[in-house]
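The values are calculated or read from the model by the stated rules, or taken from the named source; none is laboratory data. Bear in mind the structure is a predicted one, so any value in this text is a computation, not a measurement. Cβ coordinates were reconstructed from backbone atoms using ideal geometry, including for glycine residues, and neighbour counts include every protein chain displayed. To get the accessible areas, we keep the full protein, side chains included, count just its heavy atoms, and leave off ligands, DNA and RNA. Shrake-Rupley method; radii C 1.70, N 1.55, O 1.52, S 1.80 Å.
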Amino acid sequence: MAAVALGIGLGGMPAFASPLHCPPHPIRLAFYRIGLFYTDRNGLDWDVAEELRRRSGCRFEYEVMPRARIWRELEAGRLDITLSAIATPERDRVYWFLNYIQLKQYVLLSPKLPAAIDSMDDFIQAGAPWRWAVVRSYSTSAYYDPLVAQLAAKGRVVEVPEEDSLYRLLGQNRVAGIFSTPMVYRQKLREFNLEDSVRVADWDKVSAPSPRGIVFTKRTFSEQDIGQWQALVDKMNRDGTMRRLIGRYMTPAETETALWR
C-alpha cells in the first residue's frame, strides 16, 4: 500500500514562538488509519500532530501507511515521528516515547465463542478451532502480549496489516476474538454493522490503562532535542489542550481516565 502525502511545510509564522531545535529537513510524520485516532485528516492523532506543528514552528510532512510499514520506515530512517504507539523494551532502544493518552484494551468476541470461555487463559486452554487476530507489529499490553505469544506458538494467531481486517475477520466468524479500545471499536462496530452481535468484555483485571506515545526516532532527535519536545507535550497537558483534544472523541468520564498524568 503506497504512502499518501498529506501536506508539506507550512506558511506564515507559527502561532507560538519556539526555541525548539528543528531538524534540517521537514519532519516526516506518518499516521495509520485506526478508529477515532485517524481517518482522512480527522481524529485525535491528526489534532495532536497539528498542535505539535503549530507550537514547534518546525516544518512537517504527513503521510499515511499501514502500521507495520511505519515501523519499517522508522527503522530505515525514512520517517521521524508516528503516534498512538506502545513502548516496549526493544523499541525504547531506538525510539523516544512521549506519552499523551492511556487506554484500556478490551476483547471483542464472536457470538460463536461459547460464553463459558470468559478469560484469555480459558481461550488458550480451549484450543482449536478458536483463533485470535492481531495487527502485525502491534503491541497490545504487558498483560496480553505474552498470552498472544502463547497462542502464536500454537498456530492460533492470525496477523493482519490493518485494523479494518480485524473487524472483517470477526464479522465473518473466521476468528473468535480481537483486541480494541473504545476509541476504535465504537466507530468500527458501527461501520461493520457488528454492534448487535459482538460481545465486548474486560479480560484484563490487573493492568492499568496502557499509555500511548508519540514516537520520535533517535536517528533524528537527540536527547537534548527530545527534552524540548517533552516540555512542549507537558505544556499541552498542563494548559488543558490535551483534555480538550481527547474530549472531542470521548465522554467526559472516558476523557478523565484517558488523560496521561
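For residues in the stretch 87-100 being open to solvent by less than 20 Å² (accessible area, probe 1.4 Å) and either closer than 16 Å to V135 by Cβ or not aliphatic (A, V, I, L, M) (or both), which is farthest from the chain's Cα centre (by Cα)?
Residues of the stretch 87-100 that are open to solvent by less than 20 Å² (accessible area, probe 1.4 Å), as a first pass: 95, 98, 100.
Retained after the next criterion (residues that are either closer than 16 Å to V135 by Cβ or not aliphatic (A, V, I, L, M) (or both)): 95, 100.
Values: Y95: 15, Y100: 11 Å.
So the residue we want is Y95.
Going through L74, L170, L151, L108 one at a time, which residue ends up being assigned to a helix (DSSP H, G or I) and touching a Leu at 6+ places or on another chain (Cβ under 9 Å)? Lay out the reasoning, then the answer.
Numbers: L74 fails: touching a Leu at 6+ places or on another chain (Cβ under 9 Å); L151 fails: touching a Leu at 6+ places or on another chain (Cβ under 9 Å); L108 fails: assigned to a helix (DSSP H, G or I).
Step by step, each of L74, L170, L151, L108 is checked, and only L170 is assigned to a helix (DSSP H, G or I) and touching a Leu at 6+ places or on another chain (Cβ under 9 Å).
Just for the stretch 209-257: of the residues that are hydrophobic (A, V, I, L, M, F, W, C) and modelled with pLDDT under 95, which one is most open to solvent (accessible area, probe 1.4 Å)? Show your work before the answer.
Quick first cut of the stretch 209-257, residues hydrophobic (A, V, I, L, M, F, W, C) only: 214-216, 221, 226, 229, 231-233, 236, 242, 245-246, 250, 253.
Subsequent filtering for residues that are modelled with pLDDT under 95 retains 250, 253.
Values: M250: 21, A253: 72 Å².
Here the answer is A253.
Among the listed residues R136, R168, identify the single one that is within 15 Å of the chain's Cα centre (by Cα), surrounded by fewer than 20 Cβ atoms within 10 Å (Cβ to Cβ) and of a type outside the set (S, T, Y). Show your work before the answer.
On the way: R168 fails: within 15 Å of the chain's Cα centre (by Cα).
Just one listed residue meets the conditions, R136.
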Does E159 meet the test of being closer than 25 Å to R91 by Cβ, surrounded by fewer than 19 Cβ atoms within 10 Å (Cβ to Cβ) and among the charged types (D, E, K, R)? yes
Residue in the stretch 50-69 that is under 18 Å from the mean Cα position of the chain (by Cα), within 19 Å of N237 (Cα to Cα) and among the aliphatic types (A, V, I, L, M) present: yes
